[in-house]
Structures are given as C-alpha cells and as structure tokens.
Amino acid sequence: MDSAIAFRILPAMPQDVPKVLAMIEALAEYENLRHVCVATEAGLQAALFGPWPAAEVLVGWEGRAPIAFALFFHNFSTFLGRKGLYLEDLFVQPAYRGRGYGRALLTRLARIALERDCGRFEWAVLDWNTAAIGFYESLGATLLPDWRISRVTGPALQRLAAHSANGA
C-alpha cells in the first residue's frame, strides 16, 4: 500500500448509501448479474439504518474516495449453537485491486466475528471466479464442495408461500 494515500475502513453512515449502491451496481456488473440487481437507495437506507437493521456495511476509503465495501450480517449455526458472521458481498473497485484492500476488509470482518463471539465467518464465491477462490484459499478459507446454495425468489417464492400442506 502507498503510505502517502491512507486506506481507511469505516462503518457505513446513512449519507454513504448512494456510494454503497453504486458499488453494489458495479459488483453486479462484474458478476454479470446486473439484470437481477434491483436495490434502491430507499431500500438500502431502510435495511441498513431502519428500526431493525438487516445488515451492516464497512466502506473502504482511499483518501476521500469510497473504493470498496463489505456487506455482512449475522446468521446462526444450529450445530455450533452460536451465531456466525456471513459476508454477503465484498467488492473492491477494479482500479484499486492488488493493494491489500480486500485482505484488510476480510481481516476487519474476522476481528468483528471474534469480538462478537461468532462461531464462524463464511461467504460464498462464484465458481468461475478463480482469482477470488485462490485469494480466499490463501487466507485459510475452505471451499465446501458438497454444499450448494438453494434460492427461491420472485414468483417461485410466492408460489411456495401460497402452498398449503395439511391445511397449514
């Protein structure tokens, strides 16, 4: 890292929501998923700073520029009987990669997990993102080859919710 330009990691503030949304959209573009990214400033504002926050965000700043973010929340492991920390998204703007900023964000999250007595810290990675996979493995992460993510969304979610089993 260039010592002349300090990298700082700060919790997102309400005024950072437009910047976070812009990075979420950049991440969606990078992952070829822009067509499913429908997040809005109002939705993020409510999810991050409403009465029942659903997630937290760390923003990585180089100087005055927000150049990275990590969005995370707590989950729970029934096998461990403890909460965990789940990283939903980590993104560093392409022009700022290779400077240690992704590692710095993951290190901060690992510290948060320990401070909050989490039993584990986990995240998912796209199978085609070999650079990220190699990076995560270099940090000690284990990829779980036997697990697949299941997702129900949109009309399928509505159909499942409307399904009646034994009159329930």
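List of remarks:
- Calculated [θ] (222 nm, deg cm²/dmol) that DSSP helices of n ≥ 4 give over the chain, each run adding -39,500 (n - 2.57): -10000 deg cm²/dmol
- Sequence-ordered 3J(HN,Hα) estimates for the stretch 145-151 from the Karplus curve with 6.51, -1.76 and 1.60 and θ = phi - 60° stand at x, 8, 9, 10, 7, 9, 9 Hz, glycine and proline given as x.
- Ranked ASP89, ASP117, criterion: other C-beta atoms within 10 Å, fewest first: ASP117, ASP89
- Our estimate of slack between ILE112 and GLU29, defined as 0.36 nm per intervening residue step minus the Cα-Cα distance, is 27.0 nm.
- Added length on full extension, which subtracts the Cα-Cα distance from 0.36 nm per residue, TRP128 to ALA141: 3.0 nm
- Loop-located trypsin sites (Lys or Arg not before Pro) across the stretch 95-147 with a Cβ neighbour count of 16 or fewer within 10 Å are ARG97, ARG116, ARG120, with loop assigned by DSSP.
- Cleavage-rule hits, chymotrypsin sites (Phe, Trp or Tyr not before Pro), the stretch 66-168, DSSP coil, Cβ neighbours within 10 Å at most 12: PHE79, TRP128, TRP147
- THR153-ARG82 pseudo-label distance in nm [points 7 Å out on the Cα-to-Cβ vector]: 3.1 nm
- Relative intensity of the chain on a log10 scale, I(q)/I(0) at q = 0.12 Å⁻¹, equals -0.63, per a Debye sum over C-alpha point scatterers of equal strength in the absence of solvent.
- Globularity ratio of the stretch 106-168, using Cα Rg and 2.2 N^0.38 Å: 1.66
- Considering only PRO11, CYS118, LEU139, and ranking their Cα positions along the charge dipole of the chain that arises from unit charges at the beta-carbon of Lys, Arg, Asp and Glu, the one farthest toward the positive end is CYS118.
- Taken about its Cα centre, the chain carries a charge dipole of roughly 220 debye when the Cβ of each Lys and Arg holds +1 and the Cβ of each Asp and Glu holds -1.
Values quoted throughout were computed directly from the atomic coordinates according to the rules given, and no laboratory measurement underlies them. The structure displayed is predicted, hence computed values, not measured ones. Methodologically, a virtual Cβ is constructed for each residue, glycine included, from the backbone with ideal geometry; neighbour enumeration extends over all protein chains shown.
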